[in-house]
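Before any comments, here is the structure.
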Amino acid sequence: MRYRAVTLATMCIFAHQSFAYADDSATDNNGWLSMVSATQEAQPHWMTPLVTVTPRLEQEFRYDQYWQYSQNGVSTTSEGGGKGLEIIPSSNSEAIIGVPNYLTKNTPKTSTSGWQDENLLYKYRIATGNEEHGNYIVTAFLGVSLPTGESGFTNKETIVTPTLAVGKGWGTRDQGVDIQSTFAYSMPSSNYSPLPIPGLTWNTSLQAHVLTYFWPEVEASYVTYQQGTANIKGANALTMTYGIIVGRIPISGRKKLILGLGYQRPSESQPFVPYDRGWDMTARMTF
């Protein structure tokens, strides 16, 4: 618990310093923020979807929250969503330091809660063109989940997840549509965890940009599970998300606010239905 509290405090302090520095563009004519601007200018200016990890390189602090409900009276609340600080340290790369998710599980008789594992992600952009030069992007990810969570909420093993992410858009910076998709495969360090661990994960979002700040979208998430209890291992699940994101709303300097909300519905035609319905909220501050 102490480690996670220190990690969260450190990231919040760093984010605060980054926000303050981002407002003082006069001191960074040829420095880090100029590099960040040039890196982002070279790629499409789409919005990061609610669920699908964008192939674009972003610089922001992000907080997500999920609510999931089942007909048997079981519900879960995920605070943080495993998101956190996203930084562009160099051209064509991004590093994400996640804030461990805090999960609460409620049943008609019990309620349990605890911190989940720490997630880290590195992105390397392979090829891209902004809206005036092809409107596309190809990026490779390498994610790592570390077993830092509390008992009952940790996978108890390190999980490495390589991912290929692609995107294609049609339109201009002011309006248009885009498709963003990721193909990931998780590789756990052992075959021990009783918690659901994905094997292949395929996320795809179809997104539109209208009326300056509005980004309606629909997303599909298909997961095959390689570990878990007897009824989960070897199963697969398809979840649809219908949502809208509002942003990027100017605050000051480089800082912009992004808010989003989505409704999730797993397909009942699949062998495994993780829950009946859910909601997904996101709040982000770019810098």
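The values are calculated or read from the model by the stated rules, or taken from the named source; none is laboratory data. The shown structure was predicted, so the numbers you read here are calculated from the model rather than taken from an experiment. Ideal geometry is used to build each Cβ from the backbone, glycine not excepted, and the neighbour counts take in all protein chains shown.
Testing Leu142 on (1) in a strand (DSSP E or B); (2) touching a Phe, Trp or Tyr at 6+ places or on another chain (Cβ under 8 Å); (3) in contact (Cβ under 8 Å) with a residue 24 or more places away in the chain, one condition comes back false. Which one is that?
Evaluating Leu142 over (1) in a strand (DSSP E or B); (2) touching a Phe, Trp or Tyr at 6+ places or on another chain (Cβ under 8 Å); (3) in contact (Cβ under 8 Å) with a residue 24 or more places away in the chain leaves (3) as the failure.
Consider Glu60 against the criteria (1) closer than 22 Å to Thr241 by Cα; (2) of a type in the set (D, E, K, R); (3) at pLDDT 95 or above: it satisfies all of them except one. Which criterion is unmet?
So Glu60 meets the others, but not (1).
When you scan region 149-172, how many residues do you find that are among the β-branched types (Val, Ile, Thr), exposed (fewer than 15 other Cβ atoms within 10 Å of the Cβ) and not in a loop (DSSP other than H, G, I, E, B)?
Total meeting the criteria: 1.
Output yes when any residue across region 140-148 is surrounded by fewer than 18 Cβ atoms within 10 Å (Cβ to Cβ), within 15 Å of Pro49 (Cβ to Cβ) and of a type in the set (A, V, I, L, M), and no when none is.
No, every residue in region 140-148 fails to be surrounded by fewer than 18 Cβ atoms within 10 Å (Cβ to Cβ), within 15 Å of Pro49 (Cβ to Cβ) and of a type in the set (A, V, I, L, M).
All but one of (1) modelled with pLDDT of 95 or more; (2) in a helix (DSSP H, G or I); (3) not charged (D, E, K, R) hold for His16, so report the exception by its number.
All conditions pass for His16, except number (1).
Any residue that is polar (S, T, N, Q) and in contact (Cβ under 8 Å) with a residue 60 or more places away in the chain - is there at least one of those in region 112-129?
Here is the first cut: in region 112-129, the ones polar (S, T, N, Q) are 112-113, 116, 119, 128.
Then drop every residue that is not in contact (Cβ under 8 Å) with a residue 60 or more places away in the chain, which leaves 128.
Yes, region 112-129 contains at least one residue that is polar (S, T, N, Q) and in contact (Cβ under 8 Å) with a residue 60 or more places away in the chain.
Those residues that are farther than 19 Å from Thr282 by Cα and surrounded by fewer than 19 Cβ atoms within 10 Å (Cβ to Cβ), I need them from region 76-91; list them, please.
From region 76-91, those farther than 19 Å from Thr282 by Cα are 88-91; that's our starting set.
Listed by number, the residues that qualify are Pro89, Ser90, Ser91.
Filter region 186-201 down to residues that are surrounded by fewer than 16 Cβ atoms within 10 Å (Cβ to Cβ) and either hydrophobic (A, V, I, L, M, F, W, C) or at pLDDT 95 or above (or both), then give me how many there are. First the steps, then the outcome.
Applying the first criterion (surrounded by fewer than 16 Cβ atoms within 10 Å (Cβ to Cβ)) to region 186-201 yields 187, 189-192, 194, 200.
Those left that are additionally either hydrophobic (A, V, I, L, M, F, W, C) or at pLDDT 95 or above (or both): 187, 200.
So the count comes out to 2.
Filter region 181-215 down to the residues that are of a type in the set (A, V, I, L, M, F, W, C) and not in a strand (DSSP E or B), then identify the one that is nearest to Phe141 (Cα to Cα).
First, the residues of region 181-215 that are of a type in the set (A, V, I, L, M, F, W, C): 183-184, 187, 195, 197, 200, 202, 206, 208, 210-211, 214-215.
Of the ones still in play, those that are also not in a strand (DSSP E or B) are 195, 211.
Numbers: Leu195: 23, Leu211: 32 Å.
Looking at residues that are of a type in the set (A, V, I, L, M, F, W, C) and not in a strand (DSSP E or B), I get Leu195.
For region 104-118, indicate whether the set of residues that are surrounded by fewer than 21 Cβ atoms within 10 Å (Cβ to Cβ), of a type in the set (Ser, Thr, Tyr) and within 15 Å of the chain's Cα centre (by Cα) is non-empty.
Within region 104-118 (the criterion being surrounded by fewer than 21 Cβ atoms within 10 Å (Cβ to Cβ), of a type in the set (Ser, Thr, Tyr) and within 15 Å of the chain's Cα centre (by Cα)), the answer is no, since none of the residues qualifies.
Right, Lys123: under 16 Å from the mean Cα position of the chain (by Cα) and either on the phi < 0 side of the Ramachandran plot or assigned to a strand (DSSP E or B) (or both) or not?
yes
Can you go through Pro55, Pro49, Pro44, Pro100 and tell me which one is farther than 28 Å from Val210 by Cα and part of a loop (DSSP other than H, G, I, E, B)? Even if it seems obvious, please write down each step before you answer.
On the way: Pro55 fails: farther than 28 Å from Val210 by Cα; Pro49 fails: farther than 28 Å from Val210 by Cα; Pro44 fails: farther than 28 Å from Val210 by Cα.
Checking each option against the conditions leaves just Pro100.
Could you check Asp178 against (1) of a type in the set (Asp, Glu); (2) assigned to a loop (DSSP other than H, G, I, E, B); (3) buried (at least 16 other Cβ atoms within 10 Å of the Cβ) and say which number it fails?
Evaluating Asp178 over (1) of a type in the set (Asp, Glu); (2) assigned to a loop (DSSP other than H, G, I, E, B); (3) buried (at least 16 other Cβ atoms within 10 Å of the Cβ) leaves (2) as the failure.
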